[in-house]
1. With respect to residue 87, is the statement that it is over 14 Å from residue 74 (Cα atoms) and touching a helix residue (DSSP H, G or I) at 6+ places or on another chain (Cβ under 8 Å) true?
2. Is there a residue in region 65-84 that is surrounded by fewer than 20 Cβ atoms within 10 Å (Cβ to Cβ) and at positive phi?
3. Which residues, counting only those in region 162-185, are free of Cβ contacts under 8 Å to residues at least 12 places away in the same chain, in contact with a helix residue (DSSP H, G or I) (Cβ under 9 Å, 6 or more places away or on another chain) and assigned to a helix (DSSP H, G or I)?
4. With in contact with a helix residue (DSSP H, G or I) (Cβ under 7 Å, 6 or more places away or on another chain), part of a helix (DSSP H, G or I) and over 19 Å from residue 66 (Cα atoms) as the only criterion, which of 193, 113 stands out?
5. Can you tell me which residue within region 107-149, out of those that are within 11 Å of the chain's Cα centre (by Cα) and over 19 Å from residue 35 (Cα atoms), is surrounded by the most Cβ atoms within 10 Å (Cβ to Cβ)?
């Protein structure tokens, strides 16, 4: 992954001071590239072009950066669940909206969601992130179950399995999507919705 270009002085340190937001963006790039466990504070300082002590002006350590990063991805996903189209109307329409928004969030917040998908539960922050991901999955599975009860989705697919398959497809975008290569967020979200709901809807449904 290409590193962020920064303006540096003769001693290799960055001329302009980092903000918390720009430091977080660099940290996420390094975490995704090297893995969280494989990243040291020295690695982060080198990538940012600042000293370790400068990093500590913004955060207590790399785990706080991890929490900020995965929290950003999780907040965006949960925010989609609270948008009016996700809370009003038939369950199948709400589900379709959330699936579309989840694909859009992944594209919009690509490095942050990519990092979220790679946490393994080795730290307190990672375990917190995994628990929130499970909560999100449960809310989606409940929507799938309601849409099945409403008769809008086929009944021969378990809601939890359907949720795993839906988000397995969405999450795989993080492995191949790169901005600026001809595929817009709308194209990707449209494709996800078509592929998912053409298979999930009951054959006789005309909704």
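1. Numbers: over 14 Å from residue 74 (Cα atoms): yes; touching a helix residue (DSSP H, G or I) at 6+ places or on another chain (Cβ under 8 Å): yes.
Yes; evaluated as a whole, the condition is true for this residue.
2. There is no residue in region 65-84 that is surrounded by fewer than 20 Cβ atoms within 10 Å (Cβ to Cβ) and at positive phi.
3. 165, 175
4. Numbers: 113 fails: over 19 Å from residue 66 (Cα atoms).
The unique qualifying residue is 193.
5. 107
Residues checked against (1) closer than 18 Å to residue 81 by Cα; (2) in contact with a strand residue (DSSP E or B) (Cβ under 9 Å, 6 or more places away or on another chain); (3) at pLDDT below 95:
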{"residue": "103", "(1), (2), (3)": "yes, no, no"}
{"residue": "110", "(1), (2), (3)": "no, no, no"}
{"residue": "113", "(1), (2), (3)": "yes, no, no"}
{"residue": "117", "(1), (2), (3)": "no, no, no"}
{"residue": "121", "(1), (2), (3)": "no, no, yes"}
{"residue": "126", "(1), (2), (3)": "no, no, no"}
{"residue": "130", "(1), (2), (3)": "yes, no, no"}
{"residue": "133", "(1), (2), (3)": "yes, no, no"}
{"residue": "137", "(1), (2), (3)": "yes, no, no"}
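Results for (1) modelled with pLDDT of 95 or more; (2) in the same structural domain as residue 148 (by TED's automatic domain parsing), shown as yes or no for each residue.
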position	(1), (2)
17	no, no
28	yes, no
51	no, no
54	no, no
73	yes, yes
77	yes, yes
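The values are calculated or read from the model by the stated rules, or taken from the named source; none is laboratory data. Here the structure is a predicted model, which means the values were calculated and not measured. Note that each Cβ is placed from the backbone with ideal geometry, even for glycine, and that neighbours are counted across all protein chains shown.
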